[in-house]
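*Asks:* Have a look at this one before I ask anything.
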Amino acid sequence: MTIIDIANEAGYSVSTVSRVLNGRRDVSEEARQKIMEVVQANHFVPNHNAKCLKQTVSKSILIIVKGTSNMLFSNVIEAAQGIVDESKYSLRVHYLDEDANEVQEALRVCREHRPLGILFLGSNEQNFRQDFQYVDVPCVLVTDRGDELGFENLSSVSTDDVAAAEQAIDYLYDNGHRNIGIVGGDVQLSSPSRRRKEGCLRSFQKHGIAFDEQSYVTARFSCDSAYQAMNRLLEQERSLTAVFAMSDVMAVGAIRAILDAGLRVPEDISMVGYDGTLLANYYNPKIVTICQEYEEIAKRSMEILVGMINLGQQALHQMIPFELKNTESVIRITG
């Protein structure tokens, strides 16, 4: 049980519960009694170590990363580390499963380590709507939008996922492809996946292509999961001519499944990825991909976060340009 659970069960704010647990007198006796009843009933013991840590001066910036196979996130972290090495701060990186609640993890780490600020790599919009109000340090959503959430301490630096995915499908259409499959993330758990799917649907609608939900197969952001998803897609639809994968890692897994099925890339099935990682450039064939400027994303994320920490700057929301890199994994269909 956490202080948030106590607040919810007692019917008081987190700050009121905190004042009671810290022995403050600026709380009504009714509130104190109700909160202590919940505390005693649940055998709650305050984390005094966390309290001590909170009272010390922290110089750390926390990065919460969802998933361990996302190469774009690895590139962003590496770039952020290079920036931090030239400053007075240090980085603390926490990796979570893709399905985990990143905001609850942020609350837990804040209680124990009290970072100056947080960078979120990978996010579920619903988690922020439910729990972010309790996070009281400056934060930046990295590679996802935060402007629609409306929190004063939450900035964001991202690519326009809707426009980028739309351009990926447009590119395949312009090269003659009409039967296009998608290997994408779970739109219920990943906000970028939801936006990228929206971009795909815009392109289909614009070009008058009927969209079958079975042509969208869900995968985690890993080679193995994308491999399995691509196999499902091939079983459902053998007439595919092209696939859009929502990350370069997914594209690699999907290509391997295509090759193992006795087909060729791009001669039989073309492939477009997303992220613009080195993996796409060194794979064979080189993967056509939506390139996110990860170094600029990392730089602006750190600049905005430090500005919020040191200068009390208001939340900013910035879009970084993207580019479709045309290489070897898409073939033009004529006739």
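The values are calculated or read from the model by the stated rules, or taken from the named source; none is laboratory data. Since this is a predicted model, take the numbers as computed values, not measurements. Cβ coordinates were reconstructed from backbone atoms using ideal geometry, including for glycine residues, and neighbour counts include every protein chain displayed. What goes into the accessible areas is simple: the full protein's heavy atoms, side chains included, and nothing from ligands, DNA or RNA. Shrake-Rupley method; radii C 1.70, N 1.55, O 1.52, S 1.80 Å.
*Asks:* Please pick out the residue among Ile309, Ile304, Ile255, Ile209 that is assigned to a loop (DSSP other than H, G, I, E, B) and either of a type in the set (A, V, I, L, M) or closer than 30 Å to Val137 by Cα (or both). Show your work before the answer.
*Replies:* Numbers: Ile309 fails: assigned to a loop (DSSP other than H, G, I, E, B); Ile304 fails: assigned to a loop (DSSP other than H, G, I, E, B); Ile255 fails: assigned to a loop (DSSP other than H, G, I, E, B).
Answer to the selection: Ile209.
*Asks:* Which residues, counting only those in segment 311-335, are open to solvent by 60 Å² or more (accessible area, probe 1.4 Å) and touching a strand residue (DSSP E or B) at 6+ places or on another chain (Cβ under 7 Å)?
*Replies:* Once the filter is applied, which keeps residues that are open to solvent by 60 Å² or more (accessible area, probe 1.4 Å) and touching a strand residue (DSSP E or B) at 6+ places or on another chain (Cβ under 7 Å), segment 311-335 yields Leu316, His317, Met319, Glu323, Lys325, Asn326, Ile331.
*Asks:* In this structure, is Gln292 in contact (Cβ under 8 Å) with a residue 12 or more places away in the chain and either of a type in the set (Ser, Thr, Tyr) or closer than 24 Å to Thr218 by Cβ (or both)?
*Replies:* yes
Per-residue answers, yes or no, for (1) more than 25 Å from Leu72 (Cα to Cα); (2) in contact (Cβ under 8 Å) with a residue 40 or more places away in the chain; (3) under 17 Å from the mean Cα position of the chain (by Cα):
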{"residue": "Ser156", "(1), (2), (3)": "no, yes, yes"}
{"residue": "Asp161", "(1), (2), (3)": "no, no, yes"}
{"residue": "Ala164", "(1), (2), (3)": "no, yes, yes"}
{"residue": "Gln167", "(1), (2), (3)": "no, yes, no"}
{"residue": "Tyr171", "(1), (2), (3)": "no, yes, no"}
{"residue": "Arg178", "(1), (2), (3)": "yes, yes, no"}
{"residue": "Gly181", "(1), (2), (3)": "no, yes, no"}
{"residue": "Glu198", "(1), (2), (3)": "no, no, yes"}
{"residue": "Ser203", "(1), (2), (3)": "no, no, no"}
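*Asks:* How about segment 280-289: which of its residues are open to solvent by 30 Å² or more (accessible area, probe 1.4 Å), assigned to a loop (DSSP other than H, G, I, E, B) and closer than 19 Å to Ser222 by Cβ?
*Replies:* Step one: list which residues in segment 280-289 are open to solvent by 30 Å² or more (accessible area, probe 1.4 Å), which gives 281-284, 286.
Next cut, assigned to a loop (DSSP other than H, G, I, E, B) only: 283-284, 286.
Across segment 280-289, the qualifying residue is only Tyr283.
*Asks:* Step by step: first the residues of segment 124-154, then only those that are open to solvent by 30 Å² or more (accessible area, probe 1.4 Å) and among the polar types (S, T, N, Q), then the one that is nearest to Ser191 (Cα to Cα). Which residue is that?
*Replies:* This residue is Gln126.
*Asks:* Of the residues Val109, Val103, Val93, which single one is open to solvent by less than 30 Å² (accessible area, probe 1.4 Å), closer than 24 Å to Phe151 by Cα, out of contact with any Asp or Glu (no Cβ under 7 Å at 6 or more places or on another chain) and not acidic (Asp, Glu)? Break it down into steps so the answer makes sense when it comes.
*Replies:* Values: Val103 fails: out of contact with any Asp or Glu (no Cβ under 7 Å at 6 or more places or on another chain); Val93 fails: open to solvent by less than 30 Å² (accessible area, probe 1.4 Å).
The conditions single out Val109.
*Asks:* Considering only residues that are of a type in the set (S, T, N, Q), modelled with pLDDT under 80 and in a helix (DSSP H, G or I), which ones fall in segment 63-96?
*Replies:* none
*Asks:* Can you name the residue in segment 155-193 that is at pLDDT 95 or above and of a type in the set (Asp, Glu) and, of all such residues, is surrounded by the most Cβ atoms within 10 Å (Cβ to Cβ)?
*Replies:* Among them, the one singled out is Asp161.
*Asks:* For Arg194, all conditions in the list (1) out of contact with any strand residue (DSSP E or B) (no Cβ under 6 Å at 6 or more places or on another chain); (2) farther than 18 Å from Asp248 by Cα; (3) outside any loop (DSSP other than H, G, I, E, B); (4) among the charged types (D, E, K, R) hold save one; what is the number of the exception?
*Replies:* The one condition Arg194 does not meet is (2).
Okay, residues lined up against (1) modelled with pLDDT of 95 or more; (2) open to solvent by less than 50 Å² (accessible area, probe 1.4 Å); (3) β-branched (Val, Ile, Thr):
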{"position": "Thr241", "(1), (2), (3)": "yes, yes, yes"}
{"position": "Ile255", "(1), (2), (3)": "yes, yes, yes"}
{"position": "Leu259", "(1), (2), (3)": "yes, no, no"}
{"position": "Leu263", "(1), (2), (3)": "yes, yes, no"}
{"position": "Glu267", "(1), (2), (3)": "yes, no, no"}
{"position": "Met271", "(1), (2), (3)": "yes, yes, no"}
{"position": "Leu278", "(1), (2), (3)": "no, no, no"}
{"position": "Met302", "(1), (2), (3)": "no, yes, no"}
{"position": "Ile309", "(1), (2), (3)": "no, yes, yes"}
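*Asks:* If you don't mind, there's one more thing I want to ask. Being among the acidic types (Asp, Glu) and modelled with pLDDT of 95 or more is the requirement here; does Glu198 meet it?
*Replies:* Spelling it out, Glu198 is indeed among the acidic types (Asp, Glu) and modelled with pLDDT of 95 or more.
*Asks:* Which one is nearest to Asp248 (Cα to Cα) among residues in segment 97-132 that are outside any loop (DSSP other than H, G, I, E, B) and of a type in the set (Gly, Ala, Ser)?
*Replies:* Start the filter on segment 97-132 by keeping residues that are outside any loop (DSSP other than H, G, I, E, B), which leaves 102-113, 117-121, 125-132.
From what is left, the residues that are of a type in the set (Gly, Ala, Ser) are 106, 117.
Values: Ala106: 28, Gly117: 29 Å.
Top of the filtered list is Ala106.
*Asks:* Considering only segment 297-320, state which residues are touching a helix residue (DSSP H, G or I) at 6+ places or on another chain (Cβ under 9 Å) and either small (Gly, Ala, Ser) or without any contact (Cβ under 8 Å) to a residue 60 or more places away in the chain (or both).
*Replies:* Residues satisfying the conditions are Ala298, Ser301, Glu303, Gln313, Ala315.
*Asks:* A further question on this structure: From Val137, Val162, grab the single residue that is touching a helix residue (DSSP H, G or I) at 6+ places or on another chain (Cβ under 6 Å) and under 22 Å from Gln318 (Cα atoms). Outline the logic, then answer.
*Replies:* Numbers: Val137 fails: touching a helix residue (DSSP H, G or I) at 6+ places or on another chain (Cβ under 6 Å).
Going through Val137, Val162 in turn, the sole match is Val162.
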